[in-house]
Amino acid sequence: MAEHRLTLAQPPKALTIPRIVEELKKHGDLQECITHVEYTPAKEAQFADFPEGLDPAVRQLFRQRGIERLYSHQAQSIQQTLAGKNVVVVTPTASGKTLCYNVPVLNSVLTERDTRALYLFPTKALAQDQMEELYQLVQLSGKDIKTFTYDGDTPQDARRAIRAQGHVVVTNPDMLHTGILPHHTKWVQLFENLKYVVIDELHTYRGVFGSHLTNVLRRLKRVCTFYGSDPQFICCSATIANPQDLASRLIEEEVELINENGAPRAEKYFVFYNPPVVNKQLGIRRSYVNETRLVALHFLHRGLQTIVFANSRLITEVLVTYLKDALEKSVLSKDLIRGYRGGYLPLERREIEKGLREGKILGVVATNALELGIDIGTLEVSVMAGYSGSIASTWQRAGRAGRRAGNSAAVLVANSSPLDQFIVQHPEYFFGQSPEHGLINPNNLDILLNHFKCAVFELPFRRDEKFGNVETDEILRFLEEQGFVHQAGGQWHWTNEAYPADAVSLRSVSSDNFVVLDITNDPRIISKVDFPSALTTVHEKAIYLHEGRQYFVERLDYAQRRAEVRQVDTDYFTDAISYTKVQILEAFESQTQKQAVKNHGEIHLTTQVVGFKKIKFYTMENVGAGDLELPEQEMHTTSYWLTLRKALMDRLPYGPAARLGGVRGLAHAMRQMAVLFLMCDLRDIQLAVEDNLGRESGESVDRIPPTVQSPSEIIHEPNIFIYDNYPSGIGLSQPLYDMHDQVLQETARLVRSCPCKEGCPSCIGPKAEVEDFSKQVVLEILSLIL
Amino acid sequence: MKMIDRLQRQLEIHRRNQSRTFEAPESDGAHTLSLCPETELGEEGTRADSFAPFGGERARRAGEGDNQISSQLQADARQAILHQLERLRRLREGRSRNFRGQVSDRQLHSDFGGEIRMTTAGSFLYLTELYERSGIQLNGDDPESDRQLVLSLVQLLSGKQIECEPSRIAFLDTETTGLSGGAGAYAFLVGIGTWCSSGFIVEQFFMRNFDEEGAVICSLEERLSQVKVVVTFNGKCFDLPLLESRFIMHRRDWPLVDGIHLDLLHPSRRLWKLRLKDCSLANLERQVLGFERAEDVAGYLIPQLYFNYVRAGASTGLKAIFRHNRQDIRTLAELTRIVAGILVGCSSREELAVEDLFGAARYLASLGRRQQSLQFSEEVLERGGLESMKVEALRQLASIHESQKTYYRAAALWQKMMTTSPFFQAEACEKLAIHYEHRTGDLVKALELVEDAIRRIQIERNVQKSSRSGRLHQWLHRRARLQHKISRSSNYAQT
């Protein structure tokens, strides 16, 4: 694309976006890259009056802010809240969700002075932002309503005042867990008068984090009951498939769903962009980072305020550099472009947010830090470098452009991963109804045990008491054996010197982790690696990548949970080779379909890292290897698995190696699709492939090595395991079992529509790891079982 | 694989996973300490309702609705949890249990000489110990003079003037199940010491099990409501907030709302930090009171000993804890008397180490007792001691004189400071220069001092090559002004 030299003087904006999108479509180079343009027409707002029963002062307050009427969903939600119901509001970005909780909260504080409310946001930055908005409202009211944020940054001397006086306390689940609940006796005023608990960005509480949150809320409710309060919940969520279900699982109460959006919507163009293939044989496409740069410049040069989303901090910084350079070459100032990500100081963030609102900044490159509801005003274009991993967050990102009025555009630039490729090539999937589910498993044994400790620390358990929907007796007896609790007078008491919440992180199942110590100069901790991934990423002789730098692992101190690394400059990185043995403990459900069987149940895994490969950057050549002796790791978890019957395998007209390659390729593609449907992270589910027959014949369990080394390794009846990568499971296996057909169908579509010939990273995995014909085998298998 | 093997294996995995995931349970002292036969622990007491909820305004929504989602949810969850519990149940099999019966009340009674007290909230063990007036007390054995001392100390430290009988001054210390605070830390033993006509008496409130806490709190509420002044060591940050939290847990009012609290940690640090560094109560007891405990229990062992007692009835450790607590309280009372004696009393200063004397001088100055501080500082100088302390004392003294506007005495001290040690030389020099320039009008003498200071700074710079310009330009400025003044006055003199 030619560099455009344009000034900021622009035609009326109403004309701009459609015209520019047209230009983009017609642009010679780009034409074939655009796989889809979705046009969404504007929609009128649907208004409703403020519900009856609100204090006149509240109406007056919002009138002063220029809000005379409410959008229909706001009115509906406020009405339900006033009627004493729990609600979950599910509407797109910028539809005025905060009003849904600020109105009832202010209303109750204005009418009953003692009322308290607790706001939970998943991040500190969001809490700060919302705090600001609420504070402005309070200022306007002229009433003495105290609103505070309470998090790790709150100064010690301010805490006492907040505990006693804060009408609205804005915090995050982690702080509630470690700082507030264990010290509830210092929060008597809050817990005695707690009327509303607001949970914003509900969709972020899924998987491990959500499973923890449910337990934190169980503890919150116990404490509230103790002080005689019974708060209502007001939840807000981005669009997901099961908001009501997720909300009622999280708070374990009934929830009213409000999902008819009454906010107006402006015209919007959503463009899917797939970088051109440069090597058809290997399925290599042009770098999506570079393509993102071109697309963003297309808009920036025309003076349109643009936000660019990247999926990592590194890519964010790279794009900032690219765009600044490009702007500097044109007549525009490079200061018009800014970066925004975690790690920037709060003041700098505020300044950028303000610059965006006031139009002083033309372009911002951000991580997901700007995806959630921080107010940055109205942008015109959103460009996404790579698919974020979920439909919900992609809509959130797209929604940062074109809040309410004026037209806007969003462009998704795909990278070469299977997920991205699937999305850009199947727009109907993306634009159809959201299929993503927020899933949690609060009764995961490890998570549950940890929260039981915290709960009994906070208040003794009565003998007949329940914890959420869990019977407490057995678990407490278990903890008694370990010396954590003791029963006296019909109650269980905490009998340990420790402060249990400190040992439990809400962001992971196990709190065990390794610290990575950089000993190049003065030793300093550069990061933490959780236990399961430590053995594959910081084993001795590994190259550990961090913030774009390479470190050589000199020593792994297993007992001290510490890896000592030294900064190096190498042209390779390492990839651990691990062997996994799977043992099926129990199948909860199985169903035979044609010549395949779908199952889910419990499995036992034994994993051992036995060596590593050295892989050259860029060329991905294998340039060496090494052996490792690391302890075996065992895990007991839940899994979905697909058994391909021997009869089916026998029908495949290919040799053993190709069959094996095909099975492995199928597994690779299925896992990618499973991530998509489960709305989880790639690391939440893992893959194992093994032969069914070896086990049944009573021999020791055969494993299938990652590469085919000898023809003796023949599989007869393979099992493809996709398991929850957490001890005792996080609740993904049964849903995956239920989605079996859908997953296989979409896997087939992904593989079939991939332009590569023999498999590539975008469908069945990188070629180096699969045999020729693997792609044909995959398609053959799929056609036989679908 | 056979069913039983599979379960065995599950048990193993869970243990192994656990050793990674959880901290190992604290020491298994119960094994060694208990010889009692196995019986079930504390059966249903009479007060299982101490945590009964205050009825919520709205009926609980959960579990009530038969809405499809929630009932489905319930069923799913039950299914899942049952499954996991099954595993847990297996886990427990074959494990030895170490629960032992509680020692009988009577045994404890006779062991410790306590009595079982009944309250509306149940019973607990109450112990008293009287220390007659010939005990460890070294000087002053009159409760009236002790009382006066403490009340004067209260007035000095809190600015509040109060009157009360000696029995309303309580020395308080708690033994707890955890040091990190939070709602799960219990004060299982609360000791209160008071002076009485026959000596010093320590009362101890002890919960023999967790279900006796309500009774202890109930009784404490009554006892503490009679207290006007409560004296602790680090009670501001630890004992009192923790106790208050226990009162809240039992929904009882905190009886010390209007009481005056004297935390001896801070004054002790001010007085003894210079000499002792370690200002823990134990060290103060050794170094200041000169008392060696024959046998004592280490503080960090206390929670575990209590847990052992509660679980297994092992009472040996308990005796040591009672003794430890009593001794802490006696030491606290004695220490209070010493602190008061130094700060507000007329205890002879000769017996004090010079560092302590100086610590007191500084502390008194910061409390606004200039006259006293003056006396103390002068005595420090008379007695000599470390160079650094001497010059600090000079400085302290000079600043008191300065603030009292007895400048000529301050000037003499500054002069002395300059010759005594290089520390604060510059400061003294500056003070003197100001003194001569502005108060006595001795401009030439002031100029001499300024020249001297400038020379010193320049030498210092050459020697250390440091960029520390000191406050050279200020001195140069002062010199210029002085020179100007001198030349003007000499001109004036000439004309």
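The values are calculated or read from the model by the stated rules, or taken from the named source; none is laboratory data. In this text, all values refer to a predicted model and were calculated from it rather than measured experimentally. Backbone-built Cβ (ideal geometry, glycine too); neighbour counts: all protein chains shown.
Brief remarks follow.
- From the options A:Val138, A:Val103, A:Val109, A:Val87, residue that is buried (at least 19 other Cβ atoms within 10 Å of the Cβ), over 29 Å from A:Ser505 (Cβ atoms) and within 26 Å of the chain's Cα centre (by Cα): A:Val87
- Hey, A:Ala75 touching a Pro at 6+ places or on another chain (Cβ under 9 Å), assigned to a helix (DSSP H, G or I) and within 25 Å of A:Glu353 (Cα to Cα) or not: no
- Residue within region B:187-194 that is of a type outside the set (Phe, Trp, Tyr), within 14 Å of chain A (Cβ to nearest Cβ) and under 17 Å from B:Lys319 (Cβ atoms) present: no
- Hits in region A:427-454 (condition: at the interface with chain B (Cβ under 10 Å from one of its Cβ atoms) and closer than 30 Å to A:Gly489 by Cα): A:Pro442, A:Asn443, A:Asn444, A:Leu445, A:Asp446, A:Leu448, A:Leu449, A:Asn450, A:Lys453, A:Cys454
Conditions (1) at pLDDT 85 or above; (2) in the same structural domain as A:Thr520 (by TED's automatic domain parsing); (3) out of contact with any Leu (no Cβ under 8 Å at 6 or more places or on another chain), marked per residue:
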site: A:Leu535; (1), (2), (3): no, yes, no
site: A:Val538; (1), (2), (3): yes, yes, no
site: A:Lys541; (1), (2), (3): yes, yes, no
site: A:His546; (1), (2), (3): no, yes, yes
site: A:Ile584; (1), (2), (3): yes, no, yes
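- All conditions but one from (1) surrounded by 15 or more Cβ atoms within 10 Å (Cβ to Cβ); (2) at pLDDT 90 or above; (3) more than 14 Å from chain A (Cβ to nearest Cβ); (4) closer than 24 Å to B:Ala294 by Cα apply to B:Leu130; the one that does not is (1).
- Scope region B:146-160; condition among the hydroxyl-bearing types (Ser, Thr, Tyr) and in contact with a Gly (Cβ under 9 Å, 6 or more places away or on another chain); matching residues: B:Ser152
- A:Ile525 meets all of the listed conditions (1) away from every other protein chain (no Cβ under 12 Å); (2) part of a loop (DSSP other than H, G, I, E, B); (3) farther than 30 Å from A:Leu736 by Cα but one, namely (2).
- Considering residues of region A:244-290 that are assigned to a helix (DSSP H, G or I) and at pLDDT 90 or above only, the residue nearest to A:Cys760 (Cα to Cα): A:Leu246
- Considering region A:488-511, and only residues there that are assigned to a strand (DSSP E or B) and at the interface with another protein chain (Cβ under 7 Å from one of its Cβ atoms), the residue that is farthest from B:Ile248 (Cα to Cα) turns out to be A:Ala488.
- Unique residue being within 22 Å of B:Leu281 (Cα to Cα) and acidic (Asp, Glu) when the list is B:Glu351, B:Glu379: B:Glu351
- Of the criteria (1) under 19 Å from the mean Cα position of the chain (by Cα); (2) within 14 Å of chain A (Cβ to nearest Cβ); (3) more than 17 Å from B:Leu127 (Cβ to Cβ), which one B:Arg311 fails: (1)
- Restricting attention to region A:209-233, the residues being among the hydrophobic types (A, V, I, L, M, F, W, C), within 14 Å of chain B (Cβ to nearest Cβ) and either touching a Pro at 6+ places or on another chain (Cβ under 7 Å) or not in a strand (DSSP E or B) (or both) number 5.
- Going through (1) surrounded by 18 or more Cβ atoms within 10 Å (Cβ to Cβ); (2) more than 16 Å from B:Asn325 (Cβ to Cβ) one by one, B:Gly199 falls short only on (1).
One line per residue, one yes/no per condition, for (1) at negative phi; (2) surrounded by fewer than 16 Cβ atoms within 10 Å (Cβ to Cβ); (3) touching a Leu at 6+ places or on another chain (Cβ under 9 Å):
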| position | (1), (2), (3) |
| --- | --- |
| A:Ile577 | yes, no, yes |
| A:Lys581 | yes, no, yes |
| A:Ser590 | yes, yes, no |
| A:Lys594 | no, yes, yes |
| A:Asn599 | yes, no, yes |
| A:His604 | yes, no, yes |
| A:Phe612 | yes, no, yes |
| A:Lys616 | yes, yes, no |
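- Of the residues screened, B:Ile302 is one that is buried (at least 21 other Cβ atoms within 10 Å of the Cβ), within 14 Å of chain A (Cβ to nearest Cβ) and under 19 Å from B:Asp239 (Cβ atoms).
- Residues of region A:51-73 that are surrounded by 14 or more Cβ atoms within 10 Å (Cβ to Cβ) and more than 17 Å from A:Leu137 (Cα to Cα): A:Pro51, A:Tyr71, A:Ser72, A:His73.
- Criterion violated by A:His636 - all others in (1) farther than 22 Å from A:Leu678 by Cβ; (2) within 14 Å of chain B (Cβ to nearest Cβ); (3) not in a loop (DSSP other than H, G, I, E, B) satisfied: (1)
- Entirely in region A:357-474, the helices (runs of 4 or more DSSP H) that have 3 or more residues that are polar (S, T, N, Q): A:391-399
- Scanning region A:295-346 for residues being of a type in the set (S, T, N, Q), within 27 Å of the chain's Cα centre (by Cα) and outside any helix (DSSP H, G or I) gives a total of 4.
- Selected residue [more than 30 Å from B:Gln161 (Cα to Cα) and part of a helix (DSSP H, G or I)] from B:Leu394, B:Leu374: B:Leu394
- A Cβ distance below 6 Å, combined with a sequence gap of six or more or placement on separate chains, defines the contacts here; from region A:43-57, residues that are free of Cβ contacts under 8 Å to residues at least 40 places away in the same chain reach residues that are surrounded by 15 or more Cβ atoms within 10 Å (Cβ to Cβ) and among the polar types (S, T, N, Q) in the pairs A:Pro51/A:Gln79.
- For beta carbons closer than 6 Å, sequence separation of 6+ or different chains, a first residue in region A:78-96 that is within 14 Å of chain B (Cβ to nearest Cβ) and under 14 Å from A:Gln244 (Cβ atoms) and a second that is part of a helix (DSSP H, G or I) and among the hydroxyl-bearing types (Ser, Thr, Tyr), the qualifying pairs are A:Val87/A:Ser77; A:Val87/A:Thr81.
- Filter result for the condition that a residue is at negative phi and over 24 Å from the mean Cα position of the chain (by Cα), over A:Asp245, A:Asp230: A:Asp230
- A:Val170 being more than 28 Å from A:Leu347 (Cα to Cα) and part of a strand (DSSP E or B): no
- Selected residue (criterion: nearest to the other protein chains (Cβ to nearest Cβ)) from residues of region A:466-487 that are under 11 Å from A:Arg222 (Cβ atoms) and touching a residue at least 60 places away in the same chain (Cβ under 8 Å): A:Gly468
- B:Arg251 being part of a loop (DSSP other than H, G, I, E, B), in contact with a strand residue (DSSP E or B) (Cβ under 9 Å, 6 or more places away or on another chain) and more than 20 Å from B:Leu332 (Cβ to Cβ): no
- None of A:Arg293, A:Arg313 is under 28 Å from A:Pro276 (Cα atoms) and buried (at least 21 other Cβ atoms within 10 Å of the Cβ) except A:Arg293.
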